[in-house]
Amino acid sequence: MNEKKKISRRTLLGGAAATAAIAVQHAFGKWVQRPAVISQPADPTKVQGPPPGALGTRSPFEQLRKTTSETSSRTPLQSLYGAITPSDLHFERHHGGVPAIDPEKHELLIHGMVDKPMVFTLRDLKRFPSFSRICFLECSGNFRGNRPTLTPQDICGLTSQSEWTGVLLSTLLRETGLRPKASWFLAEGGDAAVMTRSIPLKKGLEDGLIAYAQNGEALRPQHGYPFRLFLPGWEGNTSVKWLRRLELSDQPFMTREETSKYTEGIKDGKIRQFSFDMDARSIITFPAYPQVVEKGWIEIRGLAWSGRGKIIQVEISTDAGKSWYTARLQEPVLDKAHTAFRYLWYWNGENTEIMSRVTDETGYLQPTMRQLVEARGSSMGGYHLNPITAWVIKKDGTVLFRPEERK
């Protein structure tokens, strides 16, 4: 009879050192990464590895992380594969920090223009039929474009995609009953900012979700634990996190977040308000800064998405927009979801520019920055910008972002 071989303390410590996470420190509002120290045996087959752990970890050779500021963090789009974003790499945008909420004490009140005001706990929500769907989430301020040394993460890393699970909002509203004149509702969060947005009732009934799970596990605190509102395809701030109240009404509430914030300047000194849908957008994630390529065959890869439906086509230009070629879309192509695309291209080693543009099922074609300025005016704000992104490839193989001025 064979006895189980015991693992010594020295072996465990050695295995732990080999798989140690890379340390980071917080300094001046940014996360600074220290060099990794990785102990790698000459022959892994000769060294006993560590036993199974309570939680899985990434290889220390995979240095994935979000870039952070005081109010947001950005997903490393250029480092991911496929269309699903790991929950710990999902972007964050907060207005009052991340609240610490006890799920046993947190409740959702639905009142106002309803027949029967009701209060729901997390346990109550889980008793209703569950619903899951894969959708992207995007901040309406998801754009940077002022210097060549920007990565896809820097340019539009405020978008991520998950499988969201919860109870349909329409299910809860059937429980409370709706009065005939109800046409809007106020969604209120339980964070320090008491985030509030007015939402057309039609959207809530169409596909609104009270989500309590993400990618197969309970929502993480950064993403709205214990439950949040999720509105597929709409600007991220409307999917209020840490949801605690829904008030039905016959008109919008004109909160701070829809008057002084989340409005865009357009031509003739006017302001565009309640621009909920996220317009179709695409970005090449490889090759992109700071990657270096070699002459020969290159698989151009990227992501495309639209808040108005499915992606119909992604086109690639390898000659600064003079000609366009159809990219291959990764199945399945889902409604209001990130869609991966790829295009095989032979680079001859000369200076050029590559870019992508997307068409969604409404016929909308992703615009250039110049077209956005012509449509909205040069004084347009920083929300809902979705211009075509171009990368410059130099003879030495270096790749740089090509900034576009708002002129």
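The values are calculated or read from the model by the stated rules, or taken from the named source; none is laboratory data. On a predicted model such as this, the values are computed, not experimentally measured, just so you know. Please note: Cβ atoms are built from the backbone with ideal geometry, for glycine as well, and neighbour counts cover all protein chains shown. Quick note on the areas: whole protein, heavy atoms, side chains included, nothing else; ligands and nucleic acids left out. Shrake-Rupley method; radii C 1.70, N 1.55, O 1.52, S 1.80 Å.
So here's what we get for this one:
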read-out	value
Strands (runs of 3 or more DSSP E) completely within the stretch 34-144 that count 1 or more residues being within 30 Å of Pro387 (Cα to Cα), in contact with a Pro (Cβ under 8 Å, 6 or more places away or on another chain) and modelled with pLDDT of 95 or more	131-138
Residue identified as in contact (Cβ under 8 Å) with a residue 24 or more places away in the chain, of a type outside the set (Asp, Glu) and touching a Phe, Trp or Tyr at 6+ places or on another chain (Cβ under 8 Å) among Ala218, Ala288	Ala288
Qualifying positions in the stretch 371-405 - within 22 Å of Ser323 (Cβ to Cβ), charged (D, E, K, R) and at pLDDT 95 or above	Lys394, Lys395, Arg402
The lone exception for Leu248 - which of (1) closer than 30 Å to Met113 by Cβ; (2) open to solvent by less than 20 Å² (accessible area, probe 1.4 Å); (3) within 25 Å of the chain's Cα centre (by Cα) it fails	(3)
Trp242 being open to solvent by 10 Å² or more (accessible area, probe 1.4 Å) and among the hydrophobic types (A, V, I, L, M, F, W, C)	no
Cross-chain or 6+ apart pairs with Cβ under 7 Å, the stretch 256-274 first and over 23 Å from Ala193 (Cβ atoms), then open to solvent by 90 Å² or more (accessible area, probe 1.4 Å) and of a type outside the set (S, T, N, Q)	Gly265/Ile271
Some residue of the stretch 203-220 being modelled with pLDDT of 95 or more, closer than 29 Å to Lys116 by Cα, open to solvent by 10 Å² or more (accessible area, probe 1.4 Å) and part of a loop (DSSP other than H, G, I, E, B)	no
Count of the stretch 275-302 residues which are assigned to a strand (DSSP E or B) and open to solvent by 20 Å² or more (accessible area, probe 1.4 Å)	6
Selection count, the stretch 256-271, where residues are part of a loop (DSSP other than H, G, I, E, B) and open to solvent by less than 20 Å² (accessible area, probe 1.4 Å)	1
Residue in the stretch 221-239 that is most open to solvent (accessible area, probe 1.4 Å), counting only those that are of a type in the set (S, T, N, Q) and within 10 Å of Arg197 (Cβ to Cβ)	Asn237
Index of the failed condition, Asp250 passing every other in (1) under 28 Å from Ala100 (Cα atoms); (2) in contact (Cβ under 8 Å) with a residue 60 or more places away in the chain	(1)
Hits in the stretch 111-129 - residues which are touching a residue at least 60 places away in the same chain (Cβ under 8 Å), open to solvent by 20 Å² or more (accessible area, probe 1.4 Å) and either hydroxyl-bearing (Ser, Thr, Tyr) or on the phi < 0 side of the Ramachandran plot (or both)	His111, Met113, Asp115, Lys116, Leu122, Lys126
Search result, residues across the stretch 154-202 that are within 23 Å of the chain's Cα centre (by Cα), in contact (Cβ under 8 Å) with a residue 60 or more places away in the chain, open to solvent by less than 20 Å² (accessible area, probe 1.4 Å) and over 17 Å from Phe276 (Cα atoms)	Ile155, Cys156, Gly157, Ser160, Gln161, Ser162, Trp164, Gly166, Leu169, Asp191
Residue in the stretch 130-153 that is among the hydrophobic types (A, V, I, L, M, F, W, C), at negative phi and surrounded by fewer than 18 Cβ atoms within 10 Å (Cβ to Cβ) present	yes
